[in-house]
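The values are calculated or read from the model by the stated rules, or taken from the named source; none is laboratory data. Given the structure is predicted, the values throughout are model-derived calculations rather than measurements. As a convention, Cβ positions derive from the backbone with ideal geometry for all residues, glycine included, and neighbour counts pool all protein chains shown. Heads up: the accessible areas ignore ligands, DNA and RNA and are worked out on the full protein's heavy atoms, side chains in. Shrake-Rupley method; radii C 1.70, N 1.55, O 1.52, S 1.80 Å.
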Amino acid sequence: MTMPNKEIIEQNLAKILDPTTGKDIISAGMVTGLQIKDGHVAFAIEVNPKDGAKMEPLRKEAETLIQNLPGVISTTVVLTAEKQAENPQNSAQPSRGEPNENKGSLPGVSSIVAVASGKGGVGKSTTAVNLAVSLSTLGLKTGLLDADIYGPSMPRMLGITGKPSSTDGKTLDPMENFGIKVMSMGFLVEDDTPMIWRGPMVQSALEQMMRDVNWGELDVLVVDMPPGTGDVQLTMAQRVPVTGAVIVSTPQDIALLDARKGLNMFRKVDIPVLGIIENMSYFLCPDNGKKYDIFGHGGAKREAERLGVKFLGEVPIEIDVRKTSDEGHPIVISMPDTVSAQAYNEIAIRVKEATETVQSSSSVTPPKIVIQ
Ligand code: ADP
């Protein structure tokens, strides 16, 4: 089969005209950061910030066009406006010599699963850790990126101390424990360093943690996103080449619309939502093993059905979940027979399946050979 190359992609993109200027997007220099790897194509279209929302049909057009080319397995196209935002006079011409290669997929990493939540404190990080460890026990080569740079929790939750080293002086080797590779801002700064980040700094910190790390070959990279659904999260969701996202919610959080905001955020940037996980679904009393529905168990499941999103499973409030987290021994490893550990394992299986479904549905059926 013909494999797509830069020339073919550019030739095709040159057929697309920018409605605001009438120029084609290649000669207008709007296409940046083109990356092609094994049939996976990614690039950005630089637009004027004031045209942002208007340009979505153009983005979609470019994506569909490239996706339909023979040999293309997946296409990721993002709109970016940041350069023009810094210099509005600078029309759509990208500044030369700036590295744009940071927007494509991660070499060697087959899929990226973002774990997100509408707000903090719902157990997003706990879920990300246990999900990553469970995925690895399913036989997947797994990495975990702590993108929650405001409050990195992975060093503590995974019991990892020390700093990552660099073999080549350029890229960092990830830390490892429980069979997964981990990178977190928590490894790079002291525990008590106050961190005040502005939007662009957050982005570049995250991109470095993603791209300047020797992840090696990974089947899946789980990304613990920062909590919330503000602009930073939105931009980040755009910058990380995410295969799919899972939303962690408590029963009352979904009632308060927070989780729905998370859902909408990913829909806005065309990232498939793999499903919703209900955390702190009910209280499992350690004394008598009884279930107590503190927050109105089942809300996420009902809401997922209503919103047409998969329900990936529910995790009870179990004291051992918090204890094992605090001790740096994720419950799926340290207490595999608990209800929560089994819930995480089932969730991992569903996440794996949902990721595979997304990947296979974005692949192109090979062209039929017609003999005349
Ligand atoms: P987030 O990442 O959403 O801010 P965390 O994962 O840090 O949330 O969880 C917040 C607190 O709740 C932590 O102390 C964690 O150990 C605890 N926690 C999370 N999920 C559960 C659960 N299912 N049962 C008991 N405690 C939990």
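For segment 16-85, the Kirkwood hydrodynamic radius comes to 12.3 Å, computed from all pairs of different C-alpha atoms. Considering only protein heavy atoms and a 1.4 Å probe, what is the carbon-and-sulfur percentage of the accessible area of segment 141-188? Carbon with sulfur: 54 percent of the solvent-accessible area. Segment 1-29 to segment 123-148: how many Å between their Cα centroids? Using only Cα atoms, the two centres lie 38 Å from each other. The gain in end-to-end length when the Glu346 to Asn214 segment is fully stretched comes to 44.6 nm, 0.36 nm per residue minus the alpha carbon separation. Label-to-label distance for Asp337 and Ile294 is 2.5 nm, based on points extended 7 Å past Cα in the beta-carbon direction. Using a simple spin-label model with pseudo-atoms 7 Å out from Cα toward Cβ, Thr171 and Lys6 lie 2.0 nm apart.
Taking every alpha-carbon pair under 8 Å whose residues sit at least 6 apart, segment 16-85 reaches a relative contact order of 33 percent. Calculated accessible area for segment 16-85 comes out at 41 Å² per residue, all protein chains present (probe 1.4 Å; ligands, DNA, RNA ignored). Packing around the peptides 8-17, 346-355, taken as the average count of other Cβ atoms within 10 Å per residue, puts them in this order, highest first: 346-355, 8-17.
Convex hull volume of the Cα atoms of segment 112-360, normalised per residue: 121 Å³. A 1.4 Å probe over all protein chains sorts Val246, Val269 by accessible area into Val269, Val246, starting with the largest. Placing a label point 7 Å from the Cα of Asp24 along the Cα-to-Cβ direction, the residues of segment 31-69 whose backbone N falls under 16 Å from that point are 31-32, 62-63, 65-66.
Here the Debye sum runs over all C-alpha atoms of segment 1-40 as equal scatterers in vacuum, and log10 of I(q)/I(0) at q = 0.18 Å⁻¹ comes out as -0.52.
Candidate cross-link partners of Lys291 among the lysines, defined by an alpha-carbon separation under 25 Å and a same-chain spacing of 8 or more, comprise Lys124, Lys301, Lys310, Lys323. Note on Asn264 and Ser361: their simple-model spin labels are 2.2 nm apart, each label 7 Å out from Cα toward Cβ. Computed with a 1.4 Å probe over protein heavy atoms only, the accessible surface of segment 112-360 comes to 42 Å² per residue. Accessible surface for Met265 stands near 10 Å², nearest 10, in the context of the full protein assembly shown (1.4 Å probe).
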